[in-house]
Amino acid sequence: MPAFPADGGDKPLAVSMGDPAGIGPDIALLSWARRNELSCPLFFVAGDAAAFLDRAKLLPASTRLEVQSIQEPEEAGEVFANALPVLPLTSSCAAVSAGKPDSANAGVIIESIEKAVALTISGRSSAVVTSPIAKFVLLQKGFAHAGHTEFLAELACRHNHSGVFPVMLMASKVLVAVPVTVHIPFREVPAKLTKARLTRTAKITNEGLRRYFGVERPRLAVCGLNPHAGENGELGREEIEIISPAVEELRSEGIAATGPFPADTLFHKEARDHYDAVLAMYHDQALIPFKTLSFEDGVNVTLGLPFIRTSPDHGTAFPLAGTGRANPASFLAALNLASGMGKTASHALSRD
């Protein structure tokens, strides 16, 4: 398995607010509160300071939580030692009730993501770390994307980066997993699973592991789509007609790809020792084993973008919002990984 990059970087991380009714404010506040204990990297939140102040009042009194508005990302370093820096947006949240999502806040949630991306592409922040959103809240207001991954690709295009092909990579210290098809109904997977999609995903994964994780020659294990990897065509022909030819093409280009392997034998420890990342054919084939092994410290990374983006691997957890029971471990891992990826990429560029 690739090692997590070491923490580092001078510019602050730009954190999106997420759904203010969920645990996004909680985990940002709790991570800031443990900044010294856990060597938390410098970050600011693009969001509504009032919503964070209100949430801080709900969290345990034993935890000192301070929030301060900043006007520019560059001010985050001056503020971070004493308060969580929050960079205001052009709009503010409607009344927020912890645990009760409200589509009235869809606009500010989206603007927060847009602001974090714009500041990172312009070089004023080092990476984007997105807090959890609830897609159903945004869809009620006409949001046209299945999730963060697809929206971030559109934002890259808005900033004149055409031809973006986002790849979801789930990273932890015990497993790196990449779904080739992502937020689509399961019945659509076979039609969407093409040789071109698989090889492009593998190439972006290979380059991402080299650039951001420092793996000189990544070993990619490729899952089959069907039970027993198709059982020589008896249980499906995708392995014969699509996946195996894709693996052969990757190998001919010098990429250390192997497979297709039966997915049910690819995630135990002995198997994981033989690859740096596994390419799964659909969302749950990757995320069920990943979240089973790494639910508390897993990180969602989007490769293929013109900026670094990470996110905790969990959702909004509305019932936990404002209770003090939200675990910030995955968010902290996302912060540290984003910072470390930036440092590793910088070192790679300096060597080149």
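The values are calculated or read from the model by the stated rules, or taken from the named source; none is laboratory data. From a predicted model like this one, the values you see are computed outputs, not experimental measurements. All Cβ positions, glycine included, derive from the backbone under ideal geometry; neighbour counts span all protein chains shown.
Tally the residues that are touching a strand residue (DSSP E or B) at 6+ places or on another chain (Cβ under 8 Å) and over 11 Å from Met168 (Cα atoms), restricting the search to segment 138-152.
Within segment 138-152, the first condition is being touching a strand residue (DSSP E or B) at 6+ places or on another chain (Cβ under 8 Å), and the residues that meet it are 148-149, 152.
Those left that are additionally over 11 Å from Met168 (Cα atoms): 152.
Total satisfying the criteria: 1.
If you check Arg158, Arg187 for being surrounded by fewer than 20 Cβ atoms within 10 Å (Cβ to Cβ) and closer than 28 Å to Ala246 by Cα, only one passes: Arg187. Could you check segment 203-213 and list, in sequence order, the residues that are buried (at least 19 other Cβ atoms within 10 Å of the Cβ) and in contact (Cβ under 8 Å) with a residue 60 or more places away in the chain? Listed by number, the residues that qualify are Thr205, Gly208, Leu209, Tyr212, Phe213.
Within segment 167-184, being surrounded by fewer than 16 Cβ atoms within 10 Å (Cβ to Cβ) and not β-branched (Val, Ile, Thr) holds for Lys173, His183. Considering only residues in segment 49-74 that are closer than 20 Å to Thr120 by Cβ and out of contact with any Pro (no Cβ under 7 Å at 6 or more places or on another chain), the one that is surrounded by the most Cβ atoms within 10 Å (Cβ to Cβ) turns out to be Glu74.
Candidates are the residues of segment 175-211 that are touching a Ser or Thr at 6+ places or on another chain (Cβ under 7 Å) and at pLDDT 95 or above; the one that is farthest from Glu248 (Cα to Cα) is Leu175.
For segment 199-255, a tally of residues being on the phi > 0 side of the Ramachandran plot and in contact with a strand residue (DSSP E or B) (Cβ under 8 Å, 6 or more places away or on another chain) returns 2. For Val164, the conditions (1) buried (at least 24 other Cβ atoms within 10 Å of the Cβ); (2) in contact (Cβ under 8 Å) with a residue 60 or more places away in the chain; (3) in contact with a Leu (Cβ under 7 Å, 6 or more places away or on another chain) all hold with the exception of (1). Note on segment 48-74: residues that are part of a helix (DSSP H, G or I), of a type outside the set (A, V, I, L, M, F, W, C) and in contact (Cβ under 8 Å) with a residue 12 or more places away in the chain total 4. Here Phe267, Phe318, Phe290, Phe307 are screened, and the one residue that is in the same structural domain as Ser122 (by TED's automatic domain parsing) and more than 23 Å from Pro25 (Cβ to Cβ) is Phe307. Scan segment 221-257 for residues that are β-branched (Val, Ile, Thr), surrounded by fewer than 19 Cβ atoms within 10 Å (Cβ to Cβ) and outside any helix (DSSP H, G or I) and the total you get is 0.
Has segment 38-48 got at least one residue that is surrounded by fewer than 21 Cβ atoms within 10 Å (Cβ to Cβ) and more than 19 Å from the chain's Cα centre (by Cα)? Within segment 38-48, one or more residues are surrounded by fewer than 21 Cβ atoms within 10 Å (Cβ to Cβ) and more than 19 Å from the chain's Cα centre (by Cα).
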